[in-house]
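Reviewing the structure listed below.
The values are calculated or read from the model by the stated rules, or taken from the named source; none is laboratory data. Note that the structure is a prediction, hence the values are computed from the model and not measured. Please note: Cβ atoms are built from the backbone with ideal geometry, for glycine as well, and neighbour counts cover all protein chains shown.
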């Protein structure tokens, strides 16, 4: 099916494979249905992950999750627990899980190009016994996401090497980008006080208000 901008599209896997070729046996062999003593280390050392979800109609969302290193609990080699911290209450990921439990996780370790991917099925839980070990700053999360692992594998570092993501010489100053307040003003109109919004947000963050 042609896209509105081009007729040069790929519509089936045969055409895709004709362009890309087949994966090697060693690449296919890296995918496991569980963690092991070595791959667990990527989760234990990771303070940040991206959580991919979709709703019943296939509309997708990717959301960041971050906490002190090793914040995702490894309950066993086929089960993970992600604590859910306070957010903006849109609950995009959580509402998606209720409609479609399939999720994808990408674990990132600072300074390391290789990442770790997990695909599986998610369940929202409120079990205090499971969640109490996730407490930070004396606050236990009210909710968590249990992920039953179906696929687990490392991802090579090419994306990080190409992007030079960890190279400080390529870091961008925050002031070079628009603030959240400025974006709100563009969306809501000139009557929105962008400066006040940014000041209040910075003050809340300085107080760590709503972090846990």
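Tallying residues that are loosely packed, with under 11 Cβ neighbours inside 10 Å, over 22 Å from residue 152 (Cα atoms) and out of contact with any helix residue (DSSP H, G or I) (no Cβ under 9 Å at 6 or more places or on another chain) within segment 17-57 yields 4. Which ones in segment 144-175 are farther than 20 Å from residue 49 by Cα and touching a helix residue (DSSP H, G or I) at 6+ places or on another chain (Cβ under 9 Å)? Answer for segment 144-175, where residues must be farther than 20 Å from residue 49 by Cα and touching a helix residue (DSSP H, G or I) at 6+ places or on another chain (Cβ under 9 Å): just 170. Out of the residues in segment 69-84 meeting the condition of being in contact (Cβ under 8 Å) with a residue 40 or more places away in the chain and part of a strand (DSSP E or B), tell me which one is nearest to residue 33 (Cα to Cα). The qualifying residue nearest to residue 33 (Cα to Cα) is 79. Checked across segment 93-114, the condition of being under 27 Å from residue 166 (Cβ atoms), in a strand (DSSP E or B), modelled with pLDDT of 95 or more and more than 12 Å from the chain's Cα centre (by Cα) holds for no residue.
So which residues in segment 155-172 are surrounded by 12 or more Cβ atoms within 10 Å (Cβ to Cβ) and either modelled with pLDDT under 95 or assigned to a helix (DSSP H, G or I) (or both), if there are any at all? Result: 160, 161. Of the residues making up segment 124-157, those that are touching a strand residue (DSSP E or B) at 6+ places or on another chain (Cβ under 7 Å) and within 12 Å of residue 84 (Cα to Cα) are 124, 125, 126, 131, 134, 141, 143, 144, 145, 146.
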